[in-house]
Amino acid sequence: MATDTYDLENLSSDWLSRIDAAQDLQALETERVAALGKQGAITRLLKTLGSMSPEQRQSEGPRIHSLREQVSDAITARKNALETEELERRLATESLDMTLPVSIEEQGSVHPVSQVMDELAEIFADLGFAVATGPEIETQWHNFTALNMPESHPARAMHDTFYLQSADGEEAKVLRTHTSPVQIRTMTSQKPPIRVIAPGRVYRSDSDATHTPMFHQVEGLVIDRDITMGHLKWTLETFLKAFFERDDVVLRVRPSFFPFTEPSMEYDVGFSLQNGRRVIGGNDGWMEVGGSGMVHPRVIEACGLDPEEWQGFAFGCGIDRLAMLKYGMDDLRAFFDGDLRWLRHYGFRSLDVPTLSGGVGA
């Protein structure tokens, strides 16, 4: 049976009035279910289309669907209006009392690498060293050639170094493989005497439990007159005792080879076994810390200085490795995982500023 046009108009007017009279979202939802729910009035009208003849369905279908769309649109509009009214009410009535005390609980932590960098800067500042920085994308001259590394040197190989794509006819730049280029830039831009440390990120194509493609390194450089290996050894011993905060730190040096130093040596630190763990101090065994040596005369000459007048020493080590040795960390990859649980365990409070008087790791 066809639905009377007057009945549909009355039904539409009735539902639109009820929707407009809804005072809150809960009342509006009640009207929606009553009209468009599974057992709603308009839903029941739609179900009658199945029992109509094709002719009736053709005439009544559009009218019933039109009613449904009117009611649905009216519900959407009323919902938007009620939500806007609620937001305006909350904005007008809610406020924050800025005089209330805030929580003193610290949410962030200083990363161990950042902490160790601060500790190094504090220690070497007391020894008269400044902090020098340089670009992480370097020319091959600064990264290799000026450091007495010939074209055939293994460090230039593609499997060790990240080369950047270059334009035709231009030499490819590299992600610096050490912070030694900062030493070159310092020697070519400053007049001796020079005393600097160069901490920062470096890049090499390697990845395992003790190596990552990006890691942190610090290098030290002294250029002056009458510099000897004795000055280098004293600097390393003083640095290691201050960093590990122990007077029983024992230093061992071994002959080695680096193209930018001559003579060259690697330095180790002694450890003792306590409850099956390695603890810095003593001489039950040795752990490698880094490399060092007297700056090669060719490097001094490449920077425009006279090696007959100026001598110097350089040393370097991994900052991540220093953090592992001092604070008992086992896996270098965890430094870069971004795990907040790890950072909460090993991280430092923002107020833990290293000082020599209070202990750099306090």
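The values are calculated or read from the model by the stated rules, or taken from the named source; none is laboratory data. Treat the numbers as computed from the prediction; the structure is a model and nothing was measured. We place every Cβ from the backbone using ideal geometry, glycine too, and count neighbours over all the protein chains shown. What goes into the accessible areas is simple: the full protein's heavy atoms, side chains included, and nothing from ligands, DNA or RNA. Shrake-Rupley method; radii C 1.70, N 1.55, O 1.52, S 1.80 Å.
Think of each Lys and Arg Cβ as +1 and each Asp and Glu Cβ as -1; about the Cα centre, that makes the dipole of the chain roughly 580 debye.
Here the 3J(HN,Hα) profile of region 38-53, calculated from phi with Karplus coefficients 6.51, -1.76 and 1.60 at θ = phi - 60°, is 4, 10, x, 4, 6, 4, 5, 4, 5, 5, 6, 4, x, 8, 7, 6 Hz, Gly and Pro shown as x. Label positions at residue 166 and residue 47, each projected 7 Å from the Cα along the C-beta direction, are separated by 7.9 nm. The listed residues 326, 173, 38, once ranked by accessible area (1.4 Å probe) with the largest placed first, stand as 38, 173, 326. Return the tail of the calculated pair distribution for region 111-258, meaning the percent of Cα-Cα pairs more than 18 Å apart. Value for region 111-258 (Cα pairs over 18 Å): 65 percent. Based on Cα atoms of region 132-207, Rg over Rh with Rh as the Kirkwood radius reads 0.98. Structural descriptor for the chain: relative contact order 16 percent, calculated from alpha carbon pairs under 8 angstrom and at least 6 residues apart.
Taking 0.36 nm per residue of sequence separation and removing the Cα-Cα distance, the residue 279/residue 39 pair yields an extension gain of 78.8 nm. At 7 Å along Cα-to-Cβ for each site, give me the label-to-label distance between residue 92 and residue 77 in nm. Output for this residue pair reads 2.3 nm. Report note on the peptides 27-34, 79-86, 303-310: ranked by the mean count of other C-beta atoms within 10 Å, highest first, their order is 27-34, 303-310, 79-86. May I ask you to work out the translational diffusion coefficient for region 236-279 at 10 °C, viscosity 1.306 mPa s, via Stokes-Einstein with Rh from the Kirkwood sum over Cα pairs, reported in whole µm²/s? Stokes-Einstein gives a translational diffusion coefficient of 132 µm²/s. Enclosing the Cα atoms of region 34-111 in their convex hull gives a volume equal to 212 cubic angstrom per residue. When 63, 341, 90 are compared by accessible area of protein heavy atoms, the largest-first order is 341, 90, 63, using a 1.4 Å probe. The distance separating the Cα centre of region 169-240 from that of region 69-91 comes to 65 Å. Taking the Cβ of residue 139 as the centre, find all other residues whose Cβ is under 9 Å away and add up their charges (Lys, Arg: +1; Asp, Glu: -1). Local net charge: -1. Taking all protein chains together and a 1.4 Å probe, the residues 238, 177, 93 rank 93, 238, 177 from largest to smallest accessible area. Need one word for region 231-362: rounded, prolate or oblate. Basis is the Cα gyration tensor (sqrt eigenvalues a ≥ b ≥ c); a/c below 1.5 gives rounded, then a/b vs b/c decides. In terms of gyration-tensor shape, prolate. Based on the reciprocal of the average 1/r between different C-alpha atoms, the Kirkwood radius for the chain equals 26.8 Å.
Scaling the Cα radius of gyration of region 61-150 by the globular reference 2.2 N^0.38 Å produces a ratio of 2.70. Over the chain, what percent of the accessible surface lies on carbon and sulfur atoms, probe 1.4 Å? C and S atoms contribute 51 percent here. Farthest towards the positive end of the charge dipole of region 91-249, among the residues 163, 130, 192, is the Cα of 192, using unit charges on the Cβ of Lys, Arg, Asp and Glu. Calculated accessible area for the chain comes out at 57 Å² per residue, all protein chains present (probe 1.4 Å; ligands, DNA, RNA ignored).
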